[in-house]
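The values are calculated or read from the model by the stated rules, or taken from the named source; none is laboratory data. Not measured: the values here are computed from a predicted model. Here the Cβ positions follow ideal geometry from the backbone for every residue, glycine too, while neighbour counts run over all protein chains shown.
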Amino acid sequence: MTDKTILSVDNLALSYGSNPILKGVSMQLRRGEVVSLLGPSGSGKTTLLRAVAGLEQPHTGSVTIAGRAIYDAAAGIDIPAEKRDLGLVFQSYALWPHKTVFDNVAYPLKLRKVAAGEMGTRVHAALKNLGLDHLAERYPHQLSGGQQQRVSIARALVYNPPVILLDEPLSNLDAKMREEARAWLRNLIVEMQLSALVVTHDQSEAMAMSDRILLLNGGVIEQQGTPQEMYGQPQTHFVADFMGSNNVMKGRIGDIRGGEARIDLDNGMAVWGLRRTNAAIGHEACAVVRVEQAQLCEGPGDNRAEIELVTSMFLGDRFEYVFHAGDDLLRVWGKTHEAPGRRWVSLPAGGVWIF
Ligand SMILES: Nc1ncnc2c1ncn2[C@@H]1O[C@H](COP(=O)(O)OP(=O)(O)O)[C@@H](O)[C@H]1O
Ligand SMILES: [Mg+2]
């Protein structure tokens, strides 16, 4: 832990009954950083966030915020949620239906017994920051989904917590608003010099919003890094598959040369790629190729094969070609419509990972 660390989670484990959900998670959030907690549904993202917030009880490990232990199983420390000084934004927003926007946002200050005058000033400042000051007297049911979401963020920010925790904050917005809200939310966090841990199951949202990504898989962090590292240098099949749009094909290792290997695919193709497995020659392995790495090409060569194009779909900004290769479907992107038939496809070795 360095002095730039604002939130530190060490070896946190939590079970529901006999069912282990978090299996020893360690992570750090630095001051001013936006970190995404990414993972498939059920991987433990919400549970980890709630354990940090003090809403779930881990059985081992520790959590430190700004140098202060708020949970430590070994030392018997367990500071109650309302004393942890964290801003929380829930997936459901969790606004009080019978309180106005003003009173919803004022609630954390009331809880902390802030005087009425100062409370008014701070609530109006938070509402103004989020473009909500003209809605202060409305009730939640009189607001759009996007406005409700901003109220829940204003409520989390109103007492300047050093860390805010957001659980799928954009998931209730429609697709178009969601894409705009990514940039808006990131800017807000950066401009207000907050440190944020954001849960999402959407890899493009995580890449767009964060300085770093932690990818959870079954209650453990499978890999962490910058968006570029997570996308470009996956260490495991799970990470490669989760982070992009991929062709995944099974086969056996045919040859090994240092950091590269040849995989003889069950579909009849043989391709060289970056070796990410210790499997020996003859053993089963799997090739992962990002769809944008595969290309149509003119004729034979290394890492090329002539296979059957069955469909050419127009996606607006590009075409997607669907090929049949043995029992595999192979997807390739390009600029022009192509008629069905046999075509040469290239899978450049630098864009093939072998796990
Ligand atoms: N209160 C609970 N009691 C029992 N099991 C739970 C409870 N909450 C969550 N779980 C289980 O814990 C696992 C992780 O859940 P969760 O943290 O919500 O995942 P995520 O947010 O990544 O989708 C899931 O298998 C879920 O069914
Ligand atoms: Mg969740």
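General observations
- Residue list for the range 276-303, restricted to those being under 20 Å from Phe355 (Cα atoms) and out of contact with any helix residue (DSSP H, G or I) (no Cβ under 9 Å at 6 or more places or on another chain): Asn278, Ala279, Ala280, Ile281, Gly282, His283, Glu284, Ala285, Ala287, Val291
- Any hit, the range 303-310, residues being crowded, with 18+ Cβ neighbours inside 10 Å and modelled with pLDDT under 95: no
- If the condition is being within 16 Å of ligand 2 (Cβ to nearest atom) and of a type outside the set (Asp, Glu), then the range 177-202 contributes Leu197, Val198, Val199, Thr200, His201.
- So Val89, is it touching a Leu at 6+ places or on another chain (Cβ under 7 Å), at pLDDT 95 or above and buried (at least 19 other Cβ atoms within 10 Å of the Cβ): no
This table checks each residue for (1) within 16 Å of ligand 2 (Cβ to nearest atom); (2) under 18 Å from the mean Cα position of the chain (by Cα); (3) in contact (Cβ under 8 Å) with a residue 40 or more places away in the chain.
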residue	(1), (2), (3)
Ser15	no, no, yes
Ser26	no, yes, yes
Leu38	yes, yes, yes
Val63	no, no, yes
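- The residue that is surrounded by the most Cβ atoms within 10 Å (Cβ to Cβ), counting only those in the range 99-129 that are assigned to a loop (DSSP other than H, G, I, E, B) and modelled with pLDDT under 95, is Val114.
- Hey, Leu48 touching a residue at least 60 places away in the same chain (Cβ under 8 Å), part of a strand (DSSP E or B) and either under 25 Å from Met192 (Cβ atoms) or more than 16 Å from ligand 1 (Cβ to nearest atom) (or both) or not: no
- Conditions (1) more than 16 Å from ligand 2 (Cβ to nearest atom); (2) closer than 25 Å to Trp184 by Cα; number of the one not met by Asp72: (2)
- Only residues that are outside any strand (DSSP E or B), more than 28 Å from the chain's Cα centre (by Cα) and surrounded by 11 or more Cβ atoms within 10 Å (Cβ to Cβ) were counted in the range 311-347, giving 3.
- Failed item in (1) over 25 Å from Val158 (Cα atoms); (2) buried (at least 17 other Cβ atoms within 10 Å of the Cβ); (3) within 16 Å of ligand 2 (Cβ to nearest atom); (4) within 10 Å of the chain's Cα centre (by Cα), with Pro227 passing the rest: (3)
- Of everything in the range 130-176 that is assigned to a strand (DSSP E or B) and more than 16 Å from ligand 2 (Cβ to nearest atom), the residue that is farthest from the chain's Cα centre (by Cα) is Val163.
- Answer from Gly32, Gly42, Gly67 - the residue that is within 16 Å of ligand 2 (Cβ to nearest atom) and out of contact with any Phe, Trp or Tyr (no Cβ under 8 Å at 6 or more places or on another chain): Gly42
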